[in-house]
Structure formats: C-alpha cells, structure tokens
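Since the structure comes first, as structure tokens, the remarks are kept for the end.
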Amino acid sequence: MSGYVDTLMESVQAKDPAQPEFHQAVQEVAESVQIVYDKHPIYKKSAVLERIIEPERVILFRVPWVDDQGDVQVNRGFRIEMNSAIGPYKGGLRFHPSVNLGILKFLAFEQVFKNALTTLPMGGGKGGSDFDPKGKSDDEVMRFCQAFMAELYRHIGQFRDVPAGDIGVGGREIGFLFGMYKKLQNEFTGVLTGKGLNWGGSLIRPEATGYGAVYFAAEMLGTRGETLEGKTCLVSGSGNVAQYTAEKILDMGGKVLTCSDSNGYIYDEEGIDRDKLAFIMDLKNNRRGRVSEYAEKYPGAVYTAVDASLDHNPLWNHAADCAFPSATQNEVNAVDAQNLVDNGVYVISEGANMPTVPEGVEIFLDNDVLYGLGKAANAGGVAVSGLEMSQNSLRLSWPREEVDQRLQNIMKSIHKQCLDAAAAYGKPGNYVHGANIAGFLKVADSMLDQGVV
C-alpha cells in the first residue's frame with residue numbers, strides 16, 4: 001500500500017475500530033483511487049474520499065414490537081445516508097441478525113459508487129435492522145415493519161431518501177413498510193422501490209439484480225469472443241438474486257449446478273432446469289423451507305450441510321466455467337478462490353455485495369479471471385429501482401420488454417465505464433480499478449462542483 005492509503009486506513013480504523021467490513025470496502029476503493037490522486041492532486045487537496053467515507057447522516061433508533069405470544073420484543077433500526085452528491089439517497093434495507101452499524105456503513109459506502117455507475121441520478125444509502133424475519137409469522141413481520149416505519153418515515157421521501165429491499169426484505173416486507181408510510185404521511189409517492197405491480201412497482205425489479213449479474217458476465221465473456229451458451233455455472237444463495245441469476249443463465253443457454261442457504265448447499269450434476277428452479281422458488285418464496293428439501297425431491301442431487309470446521313466452502317470446489325456468488329459478504333475466502341481457479345472457473349460475476357475477501361480478489365486477478373466485482377456486476381437491482389422511481393414520477397408503467405432492454409443497456413454501459421476507466425489509468429482489463437475509479441470520478445466531480453458541504 002502507498003503512504004496515503006496507509007495513513008487513511010489508520011485514521012478510519014482508529015475512528016471505527018469494530019467495523020472490519022467497512023474497513024475492507026474503504027481500502028479497496030482507496031487503493032484504486034490512489035492512481036487518480038497521483039494524476040489529479042485536486043481530489044486529495046479537497047479531501048474528497050475522506051468526505052465520502054464519513055456518512056452525511058447516521059440514524060439509529062429502537063424498534064419495539066409485540067410478537068404472537070403478546071411479548072414485547074426490541075430491535076435496533078438503522079439508516080445510513082452516505083452521500084447525496086448526485087441524487088437522493090438510494091439503497092436497500094436489510095433485516096438479518098448480523099446487521100450492525102459497520103455492515104450497513106460498508107453497504108452504504110459501496111452503494112455510493114454502484115449507483116454512480118448506473119448513469120442514473122441516485123446517491124448512496126443503506127439501512128435495516130437486526131430483526132430476523134426467518135421463522136416469524138406474517139403478522140409478526142407486519143407488526144415489526146410497521147414499528148420500524150413509525151420512525152423511519154421521518155427521514156425518507158421521494159426526493160430525500162428512497163429505500164428498497166435487501167436480505168430479509170422482499171415483496172412482503174416492502175408492502176408492509178409502504179402501507180405504514182402511506183398511512184403516516186397521508187400521501188402516495190414513490191418513496192420505496194420493489195413495490196407490488198398493482199401499486200407502483202416495476203416489471204423486472206424482482207429479477208433485476210440476478211439478471212444484471214448475468215448480463216455483466218455475458219459482457220465480460222464478449223471481450224474474449226465467447227457467450228454463456230453451454231457454460232457450467234456455480235451459484236450460491238437461494239434468495240431473490242440467486243433465483244433470477246439461475247433463470248437468466250438458463251435463458252442464455254448455460255447450466256446451473258448449485259444453490260445454497262445458511263444450512264448447506266445442493267449440487268445437481270444434471271443441472272437445475274426450469275422445473276427444478278420453479279420448485280426452489282416455491283420452496284423459498286412461499287413455503288420458506290430449506291434447500292435440503294431439493295435433494296429429497298430430486299434424489300440425483302447431493303446435499304451437503306454446512307461444516308463450520310472446514311476452512312473453505314465446498315460449494316466452490318466443483319468443476320465449472322462461471323461462478324455467481326449471490327448470498328452474502330465475504331462468502332468466498334482465499335481457499336475458495338484458489339479452488340475456483342483450480343477447478344477451471346474463469347468468470348466471476350458477483351450478485352452479492354463484496355462476497356470475496358481481498359486475498360481472494362488478488363487470486364482472481366493474478367490468474368487472469370474475468371472478475372466482475374459486486375458494485376459493478378450487481379448494480380442491475382438498484383438500476384431498475386431507479387427506473388421504478390422514473391415510472392412513479394411519470395405516473396406510467398413501462399412494459400417488461402422496455403425495462404429489460406433498459407437494464408441490458410445499463411449493464412453494457414457499466415461494463416464499458418469499467419473498461420474505459422481502467423484503460424485510462426493504466427490498468428487495462430482490471431474491473432476492480434475500473435469500477436472504483438469510474439464511480440469515484442462521477443461522485444467526486446459532483447462534490448467539487450457543490451463546494452465543501
């Protein structure tokens with residue numbers, strides 16, 4: 001690392017010592033931006049990155065709610081309003097026991113650059129709660145969402161901050177949150193994205209993150225004159241992102257071999273076809289079951305339970321061409337990364353946010369892997385959220401084909417921005433530097449235009 005990056009990281013770690021995910025996200029961007037600072041000292045003189053690192057606003061609040069037994073439960077609610085230089089704060093809400101300030105700051109920081117890459121006027125934010133919707137009844141989820149929104153509504157708005165879904169927050173939760181916002185504010189505005197189609201949602205929004213990750217993989221393959229046709233693919237996760245990643249891989253002629261949840265994963269050598277994918281979608285979206293049931297339904301598949309004693313995730317230790325980490329942050333460690341390379345994987349397109357540890361990223365780059373990092377590859381979700389905001393403002397609903405075409409065009413644009421920025425700063429073909437530099441420049445130039453605020 002350079003002296004500048006070392007000094008910056010010492011300061012960040014001293015201020016927030018218990019936020020390792022945030023440190024990881026900042027360091028990756030800082031190492032890329034060092035090249036820009038060397039070429040254009042104005043950014044360093046104006047402390048632009050230091051200003052982006054500090055959230056414009058952090059909101060933390062209690063969320064008391066009553067469970068089905070009549071007992072009062074208390075969770076924490078958060079909203080990180082990170083940067084609004086190019087538009088209103090935009091980013092998801094995550095409901096998961098692991099949620100804390102550091103994880104949400106990392107997600108909000110990543111969101112700033114991701115949103116800048118989409119070409120749409122959106123700033124970066126993130127929020128959520130340590131509430132776990134898993135195992136809760138619909139009524140309990142509703143009461144929690146209403147209690148959460150009873151505080152959050154004060155801080156959001158269609159021109160101020162527009163949340164969306166993330167892990168643990170799907171269509172059900174967005175519906176409950178929107179209903180409470182509408183009641184409290186007595187207005188119907190596009191303040192949340194991921195809404196139902198009957199009340200302001202956009203076609204393709206549920207599919208967008210997964211579809212976008214596959215479109216990005218296709219763009220990377222195109223640089224080598226290849227397509228996804230006939231490619232074998234490893235996919236982690238079994239939620240929204242993983243489901244639609246698998247669907248789009250099938251659309252483009254690929255073969256999906258795996259899916260997973262927090263208990264374990266299935267490997268289906270025959271491939272997860274459309275009927276099997278429909279089973280997974282029903283299992284996860286409606287019955288809220290575990291992927292182990294897939295192996296019971298399809299005996300040709302092998303289920304492997306999570307073994308915490310292992311130094312690697314065996315899901316990433318199968319022969320394949322492409323991998324789509326679509327579960328959560330830091331799910332691919334250095335051993336996993338080496339296993340992927342050793343098993344012939346040469347395309348990585350991240351559906352999750354920062355799913356690969358820094359040592360793993362180095363292994364991918366050292367082995368000439370086509371590596372699409374999350375802030376570029378999974379930007380399709382927030383891109384279609386932006387398109388949903390546009391439709392709400394216009395009081396229009398675009399047809400599926402139009403939204404899908406706009407999504408494809410945005411992913412092509414993100415891919416081109418990454419390659420162009422990487423080439424301009426002496427790192428041709430490096431999507432990590434390209435994505436970080438392209439996103440940084442758009443936000444940084446906007447901040448310079450607006451003064452020290």
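The values are calculated or read from the model by the stated rules, or taken from the named source; none is laboratory data. These numbers were taken from a predicted model, which means no experiment stands behind them. Neighbour counts are summed over all protein chains in view; Cβ atoms, including those assigned to glycine, are modelled from backbone coordinates with ideal geometry.
Quick notes on this one:
- Count - residues of segment 17-39 that are without any contact (Cβ under 8 Å) to a residue 60 or more places away in the chain and under 20 Å from Val99 (Cβ atoms): 2
- Counting only helices (runs of 4 or more DSSP H) that fall entirely inside segment 272-356 and contain at least 2 residues that are within 22 Å of the chain's Cα centre (by Cα) and assigned by TED's automatic domain parsing to the domain that holds Leu257, the qualifying elements are 274-281, 334-342.
- Contact annotation: residue pairs with Cβ atoms under 7 Å, 6 or more positions apart or on different chains, pairing a residue in segment 40-69 that is of a type in the set (Asp, Glu) with a partner that is assigned to a strand (DSSP E or B) and surrounded by 13 or more Cβ atoms within 10 Å (Cβ to Cβ), are Glu56/Glu81; Glu56/Met82; Glu56/Asn83; Asp67/Gln73.
- Qualifying position, being crowded, with 19+ Cβ neighbours inside 10 Å and in a helix (DSSP H, G or I), among Ile80, Ile42, Ile52: Ile52
Let's see how each residue does on (1) over 17 Å from Thr189 (Cα atoms); (2) touching a Lys or Arg at 6+ places or on another chain (Cβ under 6 Å):
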| position | (1), (2) |
| --- | --- |
| Asp132 | yes, no |
| Lys136 | yes, no |
| Glu140 | yes, no |
| Tyr153 | no, no |
| Ile156 | no, no |
| Pro163 | no, no |
| Ile167 | yes, yes |
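Here's the yes/no breakdown for (1) surrounded by fewer than 16 Cβ atoms within 10 Å (Cβ to Cβ); (2) over 23 Å from Leu250 (Cβ atoms):
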residue: Glu270; (1), (2): yes, no
residue: Lys276; (1), (2): no, no
residue: Asp282; (1), (2): yes, no
residue: Asn286; (1), (2): yes, no
residue: Val291; (1), (2): no, no
residue: Lys297; (1), (2): yes, no
residue: Ala301; (1), (2): no, no
residue: Ser309; (1), (2): yes, yes
residue: His312; (1), (2): no, yes
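- Pairs with Cβ under 8 Å, 6+ apart, first in segment 427-445 and not assigned by TED's automatic domain parsing to the domain that holds Thr223, second among the polar types (S, T, N, Q) and surrounded by fewer than 24 Cβ atoms within 10 Å (Cβ to Cβ): Gly429/Thr223; Gly434/Gln417; Ala435/Gln417; Ala438/Gln417
- Applying the criterion of being more than 25 Å from the chain's Cα centre (by Cα) and acidic (Asp, Glu) to the residues of segment 139-166, the residue that is surrounded by the fewest Cβ atoms within 10 Å (Cβ to Cβ) is Asp139.
- Residue check, Pro88 over 19 Å from Ile59 (Cβ atoms) and surrounded by fewer than 23 Cβ atoms within 10 Å (Cβ to Cβ): no
Residue-wise test of (1) at pLDDT below 95; (2) assigned to a helix (DSSP H, G or I); (3) hydrophobic (A, V, I, L, M, F, W, C).
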residue	(1), (2), (3)
Glu10	no, yes, no
Ala25	no, yes, yes
Glu28	no, yes, no
Trp65	no, no, yes
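- Residue within segment 63-76 that is buried (at least 19 other Cβ atoms within 10 Å of the Cβ) and touching a Ser or Thr at 6+ places or on another chain (Cβ under 9 Å) present: yes
- Enumeration of residues in segment 1-11 that are closer than 14 Å to Asp38 by Cβ, surrounded by 13 or more Cβ atoms within 10 Å (Cβ to Cβ), free of Cβ contacts under 8 Å to residues at least 40 places away in the same chain and not small (Gly, Ala, Ser): Val5
- Segment 388-417, residues that are within 22 Å of Ala217 (Cα to Cα), surrounded by 14 or more Cβ atoms within 10 Å (Cβ to Cβ) and in contact (Cβ under 8 Å) with a residue 60 or more places away in the chain: Val403, Asp404, Leu407, Gln408, Ile410, Met411, Lys412, Ser413, Ile414, His415, Gln417
- Pairs where the first residue, in segment 190-215, is in contact (Cβ under 8 Å) with a residue 60 or more places away in the chain and the second is of a type in the set (S, T, N, Q) and surrounded by fewer than 24 Cβ atoms within 10 Å (Cβ to Cβ), C-beta under 6 Å, 6+ apart: Gly190/Gln158; Gly190/Asn392; Gly200/Asn392; Ser202/Gln391; Tyr215/Gln408
- Verdict on Ala14 being within 19 Å of Leu365 (Cα to Cα) and without any contact (Cβ under 8 Å) to a residue 60 or more places away in the chain: no
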